[in-house]
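Visitor: My structure is below; once you've seen it, I'll send some questions.
The values are calculated or read from the model by the stated rules, or taken from the named source; none is laboratory data. Nothing here was measured: the structure is a model prediction, and the numbers come from that model. Glycine also receives a Cβ, built like all others from the backbone with ideal geometry; neighbour counts cover every protein chain displayed. Heads up: the accessible areas ignore ligands, DNA and RNA and are worked out on the full protein's heavy atoms, side chains in. Shrake-Rupley method; radii C 1.70, N 1.55, O 1.52, S 1.80 Å.
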Amino acid sequence: MNKKIFNLILLAVVMMVSSCEIDNYDQPEAIIFGRIIDQDGENVQSDVSAQGTKIIYFEKGNFAAPERQAITPRIDGTYERGLIFPGFYDIVVRDANFRNLDTLKNYEIKAGRNELNFTVQPYIKVRDLSIVKNGNLIVAKFKLSTPGSTTTRVASTQLFSYIDKVVSIGTRFATQPTNAGLLALNRIPGADEEFTLQIDLSLQGNLFSKYPTATKFWFRVGAVVVTADATGTPKWNYSEPIQLAIN
């Protein structure tokens, strides 16, 4: 066997051995999932835009700078992320519409499915919601509460609309006038006080009518507090989105 052929065979063997060694590394076979819930066990509605809640996790280990991974919860407050390496992680929630949570230290994510729920205190809870079409008006009626506090002031509340279920302050139609469906409060809401918001469809030009007849749109009430805790800028809390056909 000449030297050139021998070297080629040796190179192939080395590559095969190296390939086998790479294949022996652990695979990202873990999944983490769960819900963000309030003290009543109800999901805390979220915002999937850049303004929404983020669940951030850092893998523990011999890393000079652990890589930051972020999960955006779905609008209903549930979340799921797959292809995670089993191991220990620090988990923190940021940009949230609820009061601060302590960082969850050294949480073990095992191979397979891992359920992790967060019980939180939302700034505001939208209750007893009704959204209906009444002539040319979309009318929302609801109540507001501020869990865990009797002194929290609500800055404003607004009725948002969009073509998709992800409707929120970050994903919405630019209704006309620009303050359509907006109510500025800057006060503590009464325990059983009912609020009414509306969007006048006759003032919206072709914003809704440009879509095919019987198209259904999504509507959602949001509210934001005057001040928040150490997270800084307050985030909006939401009702569940409701779908209506309006033309």
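Visitor: Given H placed 1.01 Å from N in the peptide plane, which residues other than close sequence neighbours of Q69 have an amide H under 5 Å from its amide H?
Guide: Here the answer is Y57, since their amide H atoms fall under 5 Å of that of Q69.
Visitor: Leaving out ligands, DNA and RNA, what percent of the accessible area of the chain is carbon and sulfur, probe 1.4 Å? Please report the intermediate quantities before stating the final value.
Guide: Numbers: 7090 of 13630 Å².
Here carbon and sulfur together make up 52 percent of the probe-accessible area.
Visitor: Then there's this: In segment 90-247, if the dipole is taken from +1 on Lys/Arg beta carbons and -1 on Asp/Glu beta carbons about the Cα centre, which of L101, I188, T175 is farthest to the positive end?
Guide: With unit charges placed on the Cβ atoms, the residue in question is T175.
Visitor: If you don't mind, another one. Pull up the DSSP beta bridges for the chain and report the antiparallel fraction as a percent, rounded to 5.
Guide: 90
Visitor: Here is a follow-up. Report the charge-dipole magnitude of the chain in Debye, nearest 20, computed about the Cα centre from +1 at each Lys and Arg Cβ and -1 at each Asp and Glu Cβ.
Guide: Computed about the Cα centre, the dipole is about 580 debye.
Visitor: If I fit a long axis through the Cα atoms of helix 3-23 and take the longest principal axis of the Cα atoms of the chain, what angle between them do I get, 0 to 90°, rounded to 10?
Guide: Roughly 40 degrees, rounded to the nearest 10.
Visitor: To the nearest 20 debye, what charge dipole does segment 95-239 have about its Cα centre, counting +1 at the Cβ of each Lys and Arg and -1 at the Cβ of each Asp and Glu? List each step's numbers first, then the result.
Guide: Values: 17 positive and 11 negative charges, 52 e Å.
Dipole size: approximately 260 debye.
Visitor: Another question, then. Given the -39500 (n - 2.57) contribution per DSSP H run of 4+ residues, what per-residue ellipticity at 222 nm results for the chain, rounded to the nearest 500 deg cm²/dmol?
Guide: Values: 1 runs with 21 residues, N = 247.
Helix-only estimate at 222 nm: -3000 deg cm²/dmol.
Visitor: Quick one: which residues, 5+ away or cross-chain, put their amide H under 5 Å from the amide H of N114? H built at 1.01 Å from N.
Guide: Hits under the 5 Å cutoff: I31, I32, F33.
Visitor: Identify all lysines with a Cα-Cα distance to K235 below 30 Å; exclude those on the same chain that are fewer than 8 residues away in sequence.
Guide: K54, K60, K105, K125, K133, K141, K143, K165, K216
Visitor: Next up: Would you work out the Kirkwood radius for the chain? I mean one over the mean of 1/r across all pairs of different Cα atoms, in Å. Could you put the intermediate results ahead of the total?
Guide: Numbers: mean 1/r = 0.0475 Å⁻¹.
Result for the chain stands at 21.0 Å.
Visitor: Amide H to amide H under 5 Å from T215: which residues, 5+ apart in sequence or cross-chain, H placed 1.01 Å off N in plane?
Guide: Those qualifying (amide H under 5 Å, at least 5 residues apart or on another chain) are N247.
Visitor: What Kirkwood hydrodynamic radius, in Å, does segment 154-218 give when the mean of 1/r is taken over all pairs of distinct Cα atoms and then inverted? Could the numbers behind the result be given before it?
Guide: Numbers: mean 1/r = 0.0753 Å⁻¹.
One over the average 1/r among Cα pairs gives 13.3 Å for segment 154-218.
Visitor: What accessible area per residue, rounded to a whole number of Å², is obtained for the chain using a probe radius of 1.4 Å?
Guide: Ligands and nucleic acids excluded, the result is 55 Å² per residue.
Visitor: Using alpha carbon centroids, what distance separates segment 180-247 and segment 104-166, in Å?
Guide: Cα centres, segment 180-247 to segment 104-166: 12 Å.
Visitor: Right, next: Viscosity 0.692 mPa s, temperature 37 °C: what is the translational diffusion coefficient of segment 121-247 from Stokes-Einstein with a Kirkwood Rh over Cα pairs, rounded to a whole number of µm²/s?
Guide: 218
Visitor: Can you compute the charge dipole magnitude of segment 37-104 about its Cα centre, using +1 on each Lys and Arg Cβ and -1 on each Asp and Glu Cβ, nothing else charged? Give it in debye, rounded to the nearest 20.
Guide: Values: 7 positive and 11 negative charges, 58 e Å.
About 280 debye.
Visitor: Please give the contour-minus-distance gain from I56 to E42: 0.36 nm per residue of separation, less the Cα-Cα distance, rounded to one decimal in nm. If you can, show how the numbers build up before the last one.
Guide: On the way: separation 14, 0.36 × 14 = 5.04 nm, distance 2.21 nm.
Additional length available on full extension: 2.8 nm.
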